[in-house]
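The values are calculated or read from the model by the stated rules, or taken from the named source; none is laboratory data. The structure displayed is predicted, hence computed values, not measured ones. Note: ideal-geometry Cβ built from the backbone for every residue, glycine included; neighbour counts use all protein chains shown. Heavy atoms of the whole protein, side chains included, go into the accessibility calculation; ligands, DNA and RNA do not. Shrake-Rupley method; radii C 1.70, N 1.55, O 1.52, S 1.80 Å.
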Amino acid sequence: MSEYFQIEHTTGATILRLTSQDGTNRLTRACVISLASAVRELALDPRPLIITGNQKFFSAGADLNEIVALSGPEAFVFSKAGQMMTDAFDEFPAPVIAAVNGYCMGGGLDLVLACDRRIASPHAIFGHRGAALGLMTGWGGTQRLARLVGRARATEMFIVAEKVNAAHALLYGLVDAVADDPVAAAIGQLA
C-alpha cells in the first residue's frame, strides 16, 4: 500500500490501482519512483498484473506544477525515472494489462503504452498534450505509440495534441478492446 496506489491480490492476477487525494492520479516524481520500485518487487513473484485508476482518471500524467519548477539537470533525472518506471512495466515477466477509465493523458499514456494489452471503458479519453504545452515525452511514449498505431497517427497525436476517445483508440489500434468494466474484462482475458 502506498499513497500513490493500492495493490490487491486476486485469484489469477494482481491489481495495481493508482490513487491520489485529488483523484487525478498525477505521476509526481515520488509516485514514479514508488511505482517503479513496486513493479520491480512484484516481478520477483510474477503474476499477471492489471493497472487501473478510478472512474474519471486513469492518470492525468506528470504533475505539471513539478515539471515547471525543475532545472535542466532535474528534468533529466525525472525523465530517467519515468523511463525506469515504464521499462519496469514493459519488462515485467508476466502479462500486464492497462484497464483504463476516464482520462489517460501524457505520462499516463506513456505508462499505458508500456503494457502488453490495453482495455478501455467507453468513456476513456487518451492524449498527449505535451506539445501544446511546449513539452515532449521522455518516457518512451513516442516510440511505443508509433509501434502501435503507426508513425503518421502517432505524429498527429503528439504534434496536434489530439485527444482520442475509446472508439477511435480501438480503431487506431491504441487499445485492444472497449468494455464497460475494463478491470473485469482484463480478469476475464486472463482466466
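Remarks
- Segment 30-99: trypsin sites (Lys or Arg not before Pro) in DSSP loop, at most 13 other beta carbons within 10 Å: Lys56
- DSSP beta bridges in the chain [antiparallel fraction, %, rounded to 5]: 30
- Comparing mean-square fluctuations of Ala177, Ala62, Ala146 from a GNM of the chain with C-alpha springs under 10 Å, the top value falls on Ala146.
- Full-stretch length increase - Ala167, Leu148 - with 0.36 nm per residue and alpha-carbon distance subtracted: 5.3 nm
- Once C-alpha pairs closer than 8 Å and six or more residues apart are averaged by separation and normalised to the residue number of the chain, the relative contact order reads 20 percent.
- With the charge dipole of segment 1-139 set up from +1 on Lys and Arg Cβ and -1 on Asp and Glu Cβ about the Cα centre, the Cα lying farthest toward the positive end among the listed residues Phe92, Leu18, Gly127 is that of Gly127.
- The accessible-area ordering, largest first, of the residues Ile159, Ile15 stands as Ile159, Ile15, per a 1.4 angstrom probe.
- Accessible area in square angstrom per residue, the chain, 1.4 angstrom probe: 47
- Gyration tensor verdict on segment 83-191 (Cα atoms; rounded if a/c is under 1.5, prolate if a/b is larger than b/c, oblate otherwise): oblate
- Carbon + sulfur, % of accessible area of the chain - ligands and nucleic acids excluded, 1.4 Å: 55
- Computed magnitude of the charge dipole of the chain (debye, nearest 20; Cβ of K, R +1, Cβ of D, E -1): 380
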